[in-house]
Structure formats: structure tokens, C-alpha cells
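Just so it is clear, none of the values below were taken in a lab; they were calculated from the coordinates. The shown structure was predicted, so the numbers you read here are calculated from the model rather than taken from an experiment. A quick note on method: Cβ atoms are made from the backbone with ideal geometry, for glycine too, and the neighbour counts reach across all protein chains shown.
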Amino acid sequence: MRSQLVVAQTEASDIGREQDKLESDIDQVRQRMTRDQDRLDSGAITSAKDLESLQHEVGSLHKRQRDLEDVELEVMERLEEAEKKATALGAEQSRLASSVEDTERRRVAAHVAIDKDVEFAQRQRVTVLPDIGEELLTYYEKLRGKLDGIAAVAIKQRRCDGCRLDLSATDVDRIRAAAEDEIIRCEECRRIQVRTAESGL
Ligand SMILES: [Zn+2]
């Protein structure tokens, strides 16, 4: 993208220089024509041969001017095209740049939010740790190592929050029958399932 823009800009400035060169060529031809015409008009040239040769030169210069102007027209068209392309690429690049900036801003914001969540979870963990027996904690940590860092999940509306699968009727019966302090685990994802008021049981 950036290199495409550089190529387009270089092309436009090359064509611009080409046009400047043509302008100065045309200018020289014009000056020379004016000079020749002045000499013709002054009446200072009396020799028929010299007059003829000067008139011939003015004629050639006219033709040369027309040719150069044709070329210049074509160059101006190319220049317009190249500038249009460079402008479009420039706009596209700044659009991309601002979209990258936007994504980066959102990434940073997401990071901040995640850090806050982690901090909150860690504070909560500290408060509940004393209530959990050492044996359960060891079991939990072991499971956590095996299950992508998540060993315990809530049951929400009869759905496991770990694997997001609905509990079967058998699961519901089994969990209802279990004692309140019994550790129950998901048949699917093997995580410890925590019963809450929202479990729908
Ligand atoms: Zn599960």
C-alpha cells in the first residue's frame, strides 16, 4: 500500500517534470518566433533570400509549437490520471491507518478491561480461599491444569458454563439428588459444576 502510493507519487512528479520541460521548450519556441517576427516587421531585412528563409523559419517554429502543445496536452492528461491515482491511494492509506489506530485503541481498552476482571477475580479468590479446604483446593488446581485453566464453572439455566451444553434430564436428576457440599462434575467437559440461584434446578 505504502509502496504503491510512493510509486504513484513518483510517477506523478516525473510526469510533472516532463510537463515543465515541455513548457520551457514551448516558451523558447515562442520567444524565437517573436524575435523572428519582430525582425520581419522591422523592415530591416531587405534581401529576398533572407526574408524567405526567415519566413520559412517562422513557419517551422509554428509547426514545432503546435507539435509541442499536442504532446503537452497528452502529458497533462497523464498527469491528471497519475495525480488522481496518487490521491486515491493516499486517501485509502489514511483510511487504513485510522482503522489500524482504531483497532489498536480497542485492543488497549480490551486489555484494560481484562486486567480489571483479573484483578477483581483475584480479589474474590483471596476472600473465598479460606473457606475452601486444602484437599478441594489441590483437586481444583489439578483439574485446572488439565482443563485449560478453568476447573469450575457455574450451571446457568440448566446449561454448563464450561462446555455450554444443556444438562440432560439425567444430569438434572443426578445433580438434584447430590448433597449440597458434594462435588459434581460435568459429564461432557469434566469441570466442577457450581450450583447457583440461576442454575434453574
Ligand atoms: Zn460442561
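Net charge of the neighbourhood of Lys146, taken over other residues with C-beta under 14 Å away and scored Lys/Arg +1, Asp/Glu -1, is +3.
Projecting the Cα atoms of Gly145, Val172, Leu73 onto the charge dipole of segment 59-188 (Cβ charges, centred on the Cα centre) puts Val172 farthest toward the positive pole. Each Lys and Arg Cβ is given +1 and each Asp and Glu Cβ -1; about its Cα centre, the chain then shows a dipole of about 1180 debye.
If you build the convex hull over the alpha carbons only and average its shadow over all orientations, what do you get for segment 132-194? Give it in nm² to one decimal. Please report the intermediate quantities before stating the final value.
Working: hull surface 16.7 nm².
That works out to 4.2 nm², a quarter of the Cα hull's surface.
By the combined test of axial Cα extent (at least 15 Å) and Kyte-Doolittle hydropathy (mean at least -1.0), the qualifying DSSP H helices of the chain come to 48-128. Think of segment 2-122 as having a plus end and a minus end, set by charges on the Cβ of Lys, Arg, Asp and Glu; of Phe120, Ser99, Ala109, Phe120 sits farthest toward the positive end of this dipole. In terms of overall dimensions, the C-alpha atoms belonging to segment 37-101 reach 77, 18, 10 Å along their principal axes, ordered largest to smallest.
Taking R0 as 30 Å, what's the FRET efficiency between Thr87 and His62 from their Cβ-Cβ distance, rounded to 0.05?
Details: r = 37 Å, r/R0 = 1.23.
The computed FRET efficiency comes out at 0.20.
Need the full-extension length gain, Ala169 to Ser47, defined as separation in residues times 0.36 nm minus the C-alpha distance. One decimal, nm. Can you show the working numbers first?
On the way: separation 122, 0.36 × 122 = 43.92 nm, distance 12.17 nm.
So the chain would gain 31.7 nm between Ala169 and Ser47.
Report the FRET efficiency, 1/(1 + (r/R0)^6), for Thr196 and Arg107, where r is their Cβ-Cβ distance and R0 is 35 Å, rounded to 0.05. For R0 = 35 Å, the calculated efficiency reads 0.60.
For the chain, what is the relative contact order in percent, using Cα pairs closer than 8 Å and at least 6 residues apart in sequence? About 18 percent, as a whole number. Rg and Dmax of segment 74-137, based on Cα coordinates, read 27.0, 87 Å.
Calculation over all alpha carbon pairs of segment 2-122 in 5 angstrom steps from 0 returns a P(r) of 2, 10, 11, 10, 8, 7, 7, 6, 6, 5, 5, 4, 3, 3, 2, 2, 2, 2, 1, 1, 1, 0 percent. Model label sites at Glu74 and Thr34, defined 7 Å from Cα along the beta-carbon direction, differ in position by 2.8 nm. Calculated mean residue ellipticity at 222 nm for the chain: -26500 deg cm²/dmol, from DSSP H runs with n ≥ 4 weighted as -39500 (n - 2.57), summed, divided by the residue count and rounded to 500. Fraction of C-alpha pairs exceeding 25 angstrom in segment 43-201: 65 percent, rounded to a whole number.
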